[in-house]
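What follows is a set of notes on a single structure, which appears directly below.
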Amino acid sequence: MHTDGMHPALVITFIAIGVYLLSCHYHPYMKCKTCNRSKESHSTTFKGAFGKCRACDGRVHHVRFGARILNRK
Ligand SMILES: [Zn+2]
């Protein structure tokens, strides 16, 4: 064991991971960019036609990667 502590780059990495996980704890979801929270996927070929957003499956949001780690369900 070294007595001079951890490598500064390692400490920064741990802090960055900590901040990211804390952010994921409070804000576990990301807005769906495909439907922009409208839940709908609009057809570009047939005007006015739309369906459930396939990217988020109508949930409007995506669960962040860090949030999946935090609550392993
Ligand atoms: Zn969506």
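Helix 8-26 and the long axis of the chain differ in direction by around 40°, with both axes built from C-alpha atoms.
Sorted largest first by accessible area at a 1.4 angstrom probe radius, with every protein chain in place, the residues TYR29, TYR20 fall in the order TYR29, TYR20. Net charge within 12 Å of ARG37 by Cβ-Cβ distance, Lys/Arg positive one each and Asp/Glu negative one each, not counting ARG37 itself? Result for the local shell: +3.
Sorting 33-46, 50-63 by average packing, meaning the other beta carbons within 10 Å per residue, from highest down gives 50-63, 33-46. Within the shell of other residues whose beta carbon sits under 10 angstrom from the beta carbon of LYS52, the net charge comes to +1, with Lys and Arg scored +1 and Asp and Glu -1. Charged side chains reduced to their Cβ positions (Lys and Arg at +1, Asp and Glu at -1) give the chain a dipole of some 560 debye around its Cα centre.
Helical content alone sets the calculated 222 nm signal of the chain at -10500 deg cm²/dmol, taking -39,500 (n - 2.57) per DSSP H segment of four or more residues and averaging over every residue.
For ILE17 and LYS52, the FRET efficiency from 1/(1 + (r/R0)^6), where r spans their Cβ atoms and R0 equals 35 Å, is about 0.50.
With each label modelled as a point 7 angstrom along the Cα→C-beta vector, the VAL63-SER38 pair spans 2.7 nm. Computed across the chain, the Kirkwood radius stands at 15.1 Å (inverse of mean 1/r, all Cα pairs). In straight-distance terms, cross-link reach from LYS31 covers every one of the aspartates and glutamates whose alpha-carbon lies under 18 Å from its own, apart from those fewer than eight places away in the same chain; here that gives GLU40, ASP57.
The values are calculated or read from the model by the stated rules, or taken from the named source; none is laboratory data. These numbers come from a predicted model, not from an experiment. For neighbour counting, all protein chains shown are included, and Cβ atoms are generated from backbone atoms with ideal geometry for every residue, glycine included. Remember, those area values only see protein heavy atoms, side chains included, never the ligands or the DNA or RNA. Shrake-Rupley method; radii C 1.70, N 1.55, O 1.52, S 1.80 Å.
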